[in-house]
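Accompanying notes for the structure given below.
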Amino acid sequence: MNVEALREAIRMHEIDTVVVAMTDMQGRLQGKRFHARYFLDEVVPHATEACAYLLAVDTEMNTVDGYEIASWASGYGDFVLAPDLATLRVTGWQPGTALVLADVEALDGSPVRVSPRQVLRAQLDKSGALGWTALAGTELEFIVFEGGYEQAWDQGYRGLTPANRYNADYSVLGTGRIEPLLRDIRNSMADAGLYVESAKGECNPGQHEIAFKYTDALTTADQHSIYKTGAKEIASAHGYALTFMAKPNAAEGNSCHIHLSFRGAADDEPVMAGDGPHGLSPTGESIIAGMLAGLRELTLLFAPTINSYKRYAAGSFAPTAVAWGPDNRTCALRLVGHGPSLRIECRVPGGDVNPYLALAGLIAAALHGVDGSLGLAEPVTGNAYEMAGLPRVPASLNEALELWVASPLARTAFGADVVDHYANMARVEIAAYASAVTDWELRRYFERI
């Protein structure tokens, strides 16, 4: 909706609250709820402010050391949340509420380069300079558990009952068991301006996926973040708790397959499609070659948590080999579609991914391949899990951090400030995990060691 439509909705007492939200490092919406009249009178013309610690905390909102943007030494000052009014929409799952996403700016109006939306914008500017529009879609899986989030918390997230007791992959009967929830999510997202494609069951008990039509990369990342928050709020209202955690149990994890292609901004012609092998253009071959060349050193952008790396197991549909193949789900990069629909599907990210950072990483790697006219290796047509000699997806956050810090591509594409910021995020995560005593350790060692 535009501002005039909002003004009319306020006049008709249909909207009374406007949420202004940024996306933080963890991909979560953070912000404020404004009375709608104040939003129109003050926030639209003047923006609003928030504590800069929102880009300098861990997942549990603990203040941590090592960030340039905010610290005790700097006094934890503010930055600006500048609403992007093109993202303004009604969120029907919260009565009387609209939501607008914000860009993070310094007090002087300059962009805060380490904010995820700005990291992606910087790469889109580079692809735009080539006359390209980046088109993307994200496919998020989640697992639904009976009982709400408070019940899950009180149980220590142990002994939770999945909404489906068995593998309901593609099962119409299995998805029908929780169709009231799935239907509410689909329709609520459609009402909020997202183009919903479908819902289907997945392998893990209680696991499902709702897919949305591709669009430009920034809009896809925006909608991804809105959807994750909205789906959780809708699930809670239905008495469920759903998780996008990459690996919440020993079965198949939650993936987030990212589809990416480029088209000419002026003529809408596909950039990747051509008359070469597998329907690729020479530029398309270099795009995939760049993604392969950069994937290991940019994995931190695709797999940001300790838990992310527990997805990568043979035969799990999560990749272990840095390889590409036409319609090959054992590879990290799967070539999908034909002609104008030809695109790459990156299968590395899990449901915990920050979409802005992942898309920025894929675009940066693609542009690296084009800049260097990189040649494309032969595709993998068999089982990449079993093939020796292929580069491997990093096995841990520690390994991904080492590759990220040492990456010339990361420093060239994003800048030292962005590299250092997200390296610190990883170090904080690693340190927090290293200091924790887990249930596994207690069961294994308490009595028997």
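The values are calculated or read from the model by the stated rules, or taken from the named source; none is laboratory data. In this text, all values refer to a predicted model and were calculated from it rather than measured experimentally. Every residue, glycine among them, receives a Cβ derived from its backbone with ideal geometry; neighbour counts consider all protein chains shown. Ligands, DNA and RNA are stripped out before the accessible areas are found, and what is left, the full protein with its side chains, is counted by its heavy atoms. Shrake-Rupley method; radii C 1.70, N 1.55, O 1.52, S 1.80 Å.
Out of the residues in region 283-317 that are farther than 10 Å from Tyr385 by Cα and small (Gly, Ala, Ser), state the one that is surrounded by the fewest Cβ atoms within 10 Å (Cβ to Cβ).
Among residues in region 283-317 that are farther than 10 Å from Tyr385 by Cα and small (Gly, Ala, Ser), the one surrounded by the fewest Cβ atoms within 10 Å (Cβ to Cβ) is Ala293.
Take the residues in region 388-400 that are open to solvent by 50 Å² or more (accessible area, probe 1.4 Å) and either at pLDDT below 95 or hydroxyl-bearing (Ser, Thr, Tyr) (or both), then tell me which one is nearest to Ser127 (Cα to Cα).
Of the residues in region 388-400, the ones open to solvent by 50 Å² or more (accessible area, probe 1.4 Å) are 388-389, 391-392, 395, 398-399.
With either at pLDDT below 95 or hydroxyl-bearing (Ser, Thr, Tyr) (or both) added as a condition, the list becomes 388-389.
Details: Ala388: 35, Gly389: 33 Å.
That would be Gly389.
Keeping to region 19-41, report how many residues are of a type in the set (Phe, Trp, Tyr), assigned to a strand (DSSP E or B) and out of contact with any helix residue (DSSP H, G or I) (no Cβ under 9 Å at 6 or more places or on another chain). Outline the logic, then answer.
If we filter region 19-41 for residues that are of a type in the set (Phe, Trp, Tyr), which is where we start, we get 34, 38-39.
When the remaining residues are screened for being assigned to a strand (DSSP E or B), the result is 34.
Among the residues that remain, those that are also out of contact with any helix residue (DSSP H, G or I) (no Cβ under 9 Å at 6 or more places or on another chain) are: none.
Adding up the residues that qualify gives 0.
In region 406-448, which residues are open to solvent by 20 Å² or more (accessible area, probe 1.4 Å), part of a loop (DSSP other than H, G, I, E, B) and within 30 Å of Ala122 (Cα to Cα)?
Of everything in region 406-448, just one residue is open to solvent by 20 Å² or more (accessible area, probe 1.4 Å), part of a loop (DSSP other than H, G, I, E, B) and within 30 Å of Ala122 (Cα to Cα), namely Ala406.
Working only within region 223-245, note down all residues that are open to solvent by 40 Å² or more (accessible area, probe 1.4 Å) and either assigned to a loop (DSSP other than H, G, I, E, B) or in contact with a Pro (Cβ under 7 Å, 6 or more places away or on another chain) (or both).
First, pick out the residues of region 223-245 that are open to solvent by 40 Å² or more (accessible area, probe 1.4 Å): 229, 232-233, 236-238, 240, 245.
Correct list: His238, Met245.
Consider Val44 carefully, then state whether it is in contact (Cβ under 8 Å) with a residue 24 or more places away in the chain, out of contact with any Gly (no Cβ under 9 Å at 6 or more places or on another chain), at negative phi and in a strand (DSSP E or B). Steps first, answer last, please.
Numbers: in contact (Cβ under 8 Å) with a residue 24 or more places away in the chain: yes; out of contact with any Gly (no Cβ under 9 Å at 6 or more places or on another chain): yes; at negative phi: yes; in a strand (DSSP E or B): no.
Against the criterion (in contact (Cβ under 8 Å) with a residue 24 or more places away in the chain, out of contact with any Gly (no Cβ under 9 Å at 6 or more places or on another chain), at negative phi and in a strand (DSSP E or B)), Val44 does not qualify.
Just checking, which of Leu367, Leu403, Leu376, Leu362 is touching a helix residue (DSSP H, G or I) at 6+ places or on another chain (Cβ under 8 Å), part of a loop (DSSP other than H, G, I, E, B), surrounded by 13 or more Cβ atoms within 10 Å (Cβ to Cβ) and in contact (Cβ under 8 Å) with a residue 60 or more places away in the chain?
Working: Leu367 fails: part of a loop (DSSP other than H, G, I, E, B); Leu403 fails: part of a loop (DSSP other than H, G, I, E, B); Leu362 fails: part of a loop (DSSP other than H, G, I, E, B).
When all the criteria are applied, what remains is Leu376.
How many of the residues making up region 10-29 are of a type in the set (Val, Ile, Thr) and within 19 Å of the chain's Cα centre (by Cα)?
So the answer is 1.
Please work out if Phe39 is open to solvent by less than 20 Å² (accessible area, probe 1.4 Å), of a type in the set (Phe, Trp, Tyr) and closer than 27 Å to Leu194 by Cα.
Values: open to solvent by less than 20 Å² (accessible area, probe 1.4 Å): yes; of a type in the set (Phe, Trp, Tyr): yes; closer than 27 Å to Leu194 by Cα: yes.
So Phe39 fits the description; yes.
If Gly264 passes every condition in (1) surrounded by fewer than 17 Cβ atoms within 10 Å (Cβ to Cβ); (2) within 15 Å of the chain's Cα centre (by Cα) but one, which one does it miss?
So the condition that Gly264 fails would be (2).
Within region 182-195, can you find the residues that are surrounded by 17 or more Cβ atoms within 10 Å (Cβ to Cβ) and free of Cβ contacts under 8 Å to residues at least 60 places away in the same chain?
The initial filter retains those residues of region 182-195 that are surrounded by 17 or more Cβ atoms within 10 Å (Cβ to Cβ), namely 182, 184-186, 188-189, 192, 194.
Matches in region 182-195: Leu182, Ile185, Arg186, Met189, Leu194.
Kindly indicate the residue of region 246-261 that is open to solvent by less than 20 Å² (accessible area, probe 1.4 Å) and of a type in the set (A, V, I, L, M, F, W, C) and also farthest from Asn204 (Cα to Cα) among those meeting that condition.
Here the answer is Leu260.
Taking helices (runs of 4 or more DSSP H) that do not extend beyond region 108-222, which have at least 2 residues that are more than 19 Å from Thr243 (Cα to Cα) and in contact with a helix residue (DSSP H, G or I) (Cβ under 9 Å, 6 or more places away or on another chain)? Let's see the steps before the verdict.
Values: elements: 116-129, 149-154, 172-176, 179-191.
Of the helices (runs of 4 or more DSSP H) lying wholly inside region 108-222, those with at least 2 residues that are more than 19 Å from Thr243 (Cα to Cα) and in contact with a helix residue (DSSP H, G or I) (Cβ under 9 Å, 6 or more places away or on another chain) span 116-129.
State which residue is surrounded by the most Cβ atoms within 10 Å (Cβ to Cβ) when the search covers only region 51-83 and only residues that are small (Gly, Ala, Ser) and within 23 Å of the chain's Cα centre (by Cα). Show your work before the answer.
Keep residues of region 51-83 that are small (Gly, Ala, Ser), which gives 52, 56, 66, 70-71, 73-75, 77, 82.
Now drop any that are not within 23 Å of the chain's Cα centre (by Cα), which leaves 52, 56, 82.
Working: Ala52: 22, Ala56: 25, Ala82: 18.
Checked region 51-83; the qualifying residue surrounded by the most Cβ atoms within 10 Å (Cβ to Cβ) is Ala56.
Can you name the residue in region 84-112 that is under 16 Å from Cys51 (Cα atoms) and in contact (Cβ under 8 Å) with a residue 12 or more places away in the chain and, of all such residues, is most open to solvent (accessible area, probe 1.4 Å)?
Leu107
When the residues of region 196-217 are filtered to those that are more than 16 Å from the chain's Cα centre (by Cα), charged (D, E, K, R) and open to solvent by 30 Å² or more (accessible area, probe 1.4 Å), which remaining residue is farthest from Pro116 (Cα to Cα)?
So the residue we want is Lys200.
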